[in-house]
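Where a number appears in this text, it was derived from the coordinates with a stated rule and is not lab data. Fair warning: this is a prediction, and the values are worked out from it, not measured in the lab. Every residue, glycine among them, receives a Cβ derived from its backbone with ideal geometry; neighbour counts consider all protein chains shown.
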Amino acid sequence: MTLTLWVDDWQIQCCGQSFTPGDVVSWTLLKVDPEDYADVVGSERADEIDFREEHHGQEDGHAPTSVEVVSIVEVHCRFEVPLGATDKVNRPVPGTTVLVPVKEADGWAKARPEVSFVGYLVTARRAADEPEGVVASGR
């Protein structure tokens, strides 16, 4: 069984470690609300995200889970202030997603025209030595 994981760019940039397909990593995985990712990756793809990787203070009560990285895709999208918004905060623009398969994730990505790098979609599977119920306990 494979899992789809979201990894924020800033999580890796701040204090994460780079990873490649085949690596076994130990991450704290937290349940996601697909709506949080719909504008960034589209509703259909957002529904496929099982967990997000977290290591900045929200991991209490969640044991790290060992997973083997199968594939990595950079996610880029455009941001702008929505029409009529009063808060003047840039938001993801639906439908502008650019997905780029890569062989390594280090938190940084090659600049692409008109879009910003926001994170990774990682396909992974439970590491061979990981007990069957551990990933499910994060839900």
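Quick one: what do you get for segment 1-77 if you divide its Cα Rg by 2.2 N^0.38 Å?
On the way: Rg = 12.3 Å, N = 77, 2.2 N^0.38 = 11.5 Å.
For segment 1-77, the normalised Cα radius of gyration is 1.07.
Note the full-extension length gain between GLU48 and GLN13 as 0.36 nm times their separation in residues minus their Cα-Cα distance, in nm to one decimal. Intermediate values should be presented prior to the final figure.
Details: separation 35, 0.36 × 35 = 12.60 nm, distance 2.44 nm.
Answer, rounded to one decimal: 10.2 nm.
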Does segment 53-115 come out rounded, prolate or oblate by the C-alpha gyration tensor, with a ≥ b ≥ c the root eigenvalues, rounded set by a/c under 1.5 and, if not, prolate when a/b is larger than b/c and oblate if not? oblate
In whole percent, what relative contact order does the chain give with Cα contacts below 8 Å and a gap of six or more residues? 36
Antiparallel DSSP bridges in segment 1-82: what percent, to the nearest 5? 80
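Taking R0 as 41 Å, what FRET efficiency do you get between THR86 and ASP106 from their Cβ-Cβ distance, rounded to the nearest 0.05? Please list the in-between numbers first.
Values: r = 37 Å, r/R0 = 0.91.
Approximately 0.65, to the nearest 0.05.
If contacts are Cα pairs under 8 angstrom and at least 6 residues apart, what is the relative contact order of segment 55-121 in percent? Show your work: numbers first, answer last.
On the way: 86 pairs, mean separation 26.8, N = 67.
So the answer I get is 40 percent.
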Under a Cβ-only charge scheme (Lys and Arg +1, Asp and Glu -1), can you give me the dipole magnitude of the chain about the Cα centre, in debye to the nearest 20? 360
Farthest towards the positive end of the dipole of the chain, among ALA38, SER66, GLY22 and with Cβ unit charges of +1 on Lys and Arg and -1 on Asp and Glu, lies the Cα of ALA38
What does the helix-only formula give at 222 nm for the chain: each DSSP H stretch with n ≥ 4 adding -39500 (n - 2.57), the total divided by the residues, and the result rounded to the nearest 500 deg cm²/dmol? -3500 deg cm²/dmol
